[in-house]
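*Asks:* I have a structure I would like to understand better, so I am pasting it below and will then ask my questions one at a time.
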Amino acid sequence: MDEIASLLEPQIPALRRYAWALLRDDEGADDLVQDTLERAIGRWGQRRDGDLRAWLFAIQRNLFLNGLRQRRSRGAHVGDEALNDLPAPGTSPESHAGLRDILAGLDTLPEEQRSILLLVGVEDLSYEQAAKVLDVPIGTVMSRLSRARARLRDFMDNGRSAVLRRVK
Amino acid sequence: MTGERPIGEDDLQAFVDGRLPSARFEAIKVYLADQPSLAEQVDREIELRDALRARLAFKAQEPVPSRLRVANILASRRRTPMIRPAVAAAIAWLAIGGVLGSFGGVWWASRSRGQDEMANAAGTAIAAHRIYVSERLHPVEVAADQEAHLVQWLSRRVGKPLVAPNLNPQGYRLIGGRLLPAGHEAAALFMYENAGGGRLTLYTRLGGSEQQTAFRFETQDGVSAFSWIDNGLSYVVSAKVDRAELLPIAETIYKQFEATNDAAKGRS
């Protein structure tokens, strides 16, 4: 029991930060972290001797995506692809005129690009760990990171019109 | 420079992240010195990376709320399996207490028949659970957006007023229901789903000669089920969760049907 706590607790501040960056809501973020910890504890025995940090972030991201799918499925039915072009909740591009908050820039990105920027750039996950969390090959991690950074830079420097241009 | 690996976007990203071995790092610096516009972009990306870290740093420095302490999460898990069965038994006995006063003898006499009905219903319900929760395209016949129609239809076919219990506080959202055969009669299956994609089913049909029984628990290959009979209906709630997690849900369903029955009696 103490072993679980001593391994999990050091990860909690980072999990809270990632959750908050995705949801931008204090309570909702801590609910997500609590669900993540409960699931991790419940499945502790099934944990392969892999990377704890990548495992935890993967659980948390999957719970986040499931919640997102569920919220959307109450409305019109959408496929998973639609999630990729889904901006974070509560964003309206018009409100970002003038001084641009880096979070507003983050919000213009699809979830998979937001996640890669957060996991690599903020949480300091290695590229291998990020590949595990996102369940994609490492080459995809690198190209997605490249696209995400270009798109964020475009938005921060050129504003909304540039973001609408598809960055390949 | 012969034989050296050409510079790729992966090198540039690792450069932004400061993750290149020093020889490669120097090579990128030389390369960028000849490419001022690319160098400018890379510098800007480093700035933005730092800005994002700085913007979010406060969250990781906040004191961790006590509900996220692992010890507290473990304690609430440890507590549940020990206390819950006792609570369940208490609730079940309280529920039948009033009936025992008048029908006690009858209840005891027919107890074994009630057990048979429950075992039978539970077996059928778990089988239905297995078949339909794994169904991706058509898990339900009538979806939850037609809930009123669904409940009315299933009530008419089963032959008693049903409700689709509200399990939102327990984290389960109704996704719909279907009609199933139960011998010569009909059974209803309501399906729910939680945020993790875990599905739960509530199976209900006429409960034979019984009016009321206590909760009965069983588990088959990872699927847990609580069954009981109340007011002439057999209920089986099944999910791939452990007993401690399923019990409060069974209690909630029990109480909601009880409230509906009381309301119906109040009207008549």
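*Asks:* Looking only at segment B:1-47, which residues are within 13 Å of another protein chain (Cβ to nearest Cβ) and outside any helix (DSSP H, G or I)?
*Replies:* B:Ile7, B:Gly8, B:Asp17, B:Gly18, B:Arg19, B:Leu20
*Asks:* All but one of (1) within 10 Å of chain B (Cβ to nearest Cβ); (2) crowded, with 20+ Cβ neighbours inside 10 Å; (3) farther than 24 Å from B:Glu40 by Cα; (4) aliphatic (A, V, I, L, M) hold for A:Met156; which doesn't?
*Replies:* (3)
*Asks:* List the strands (runs of 3 or more DSSP E) that sit entirely inside segment B:196-265 and contain at least 2 residues that are crowded, with 22+ Cβ neighbours inside 10 Å and under 22 Å from the mean Cα position of the chain (by Cα).
*Replies:* Ranges flagged: B:199-206, B:223-230, B:233-239.
*Asks:* Next question. Take the conditions under 13 Å from B:Tyr192 (Cα atoms) and either crowded, with 20+ Cβ neighbours inside 10 Å or modelled with pLDDT of 90 or more (or both) and apply them to B:Ile126. Does it pass?
*Replies:* no
*Asks:* Something else: From B:Ala164, B:Ala259, B:Ala239, B:Ala225, grab the single residue that is of a type in the set (A, V, I, L, M), over 30 Å from A:Arg69 (Cα atoms) and assigned by TED's automatic domain parsing to the domain that holds B:Val142.
*Replies:* Among B:Ala164, B:Ala259, B:Ala239, B:Ala225, only B:Ala259 is of a type in the set (A, V, I, L, M), over 30 Å from A:Arg69 (Cα atoms) and assigned by TED's automatic domain parsing to the domain that holds B:Val142.
*Asks:* Next up: Please name all residue pairs, on different chains or six or more residues apart, with Cβ atoms under 9 Å, provided the first residue is in segment B:22-50 and is loosely packed, with under 11 Cβ neighbours inside 10 Å and the second residue is at pLDDT 95 or above.
*Replies:* B:Ala33/B:Ala39
*Asks:* Among the residues of segment A:55-70, are any at pLDDT below 90, hydrophobic (A, V, I, L, M, F, W, C) and more than 19 Å from the chain's Cα centre (by Cα)?
*Replies:* no
*Asks:* Could you please let me know if B:Gly176 is assigned to a strand (DSSP E or B), small (Gly, Ala, Ser) and without any contact (Cβ under 8 Å) to a residue 40 or more places away in the chain?
*Replies:* yes
*Asks:* Among the residues in segment B:41-63, are any farther than 30 Å from A:Arg16 by Cα and modelled with pLDDT of 95 or more? Lay out the reasoning, then the answer.
*Replies:* If we filter segment B:41-63 for residues that are farther than 30 Å from A:Arg16 by Cα, which is where we start, we get B:41.
Checking which are modelled with pLDDT of 95 or more leaves us with B:41.
Yes, some residue in segment B:41-63 is farther than 30 Å from A:Arg16 by Cα and modelled with pLDDT of 95 or more.
The values are calculated or read from the model by the stated rules, or taken from the named source; none is laboratory data. Predicted model only: the values in this text are computed from it and were never measured. Cβ atoms come from the backbone with ideal geometry, glycine included; neighbour counts cover every protein chain shown.
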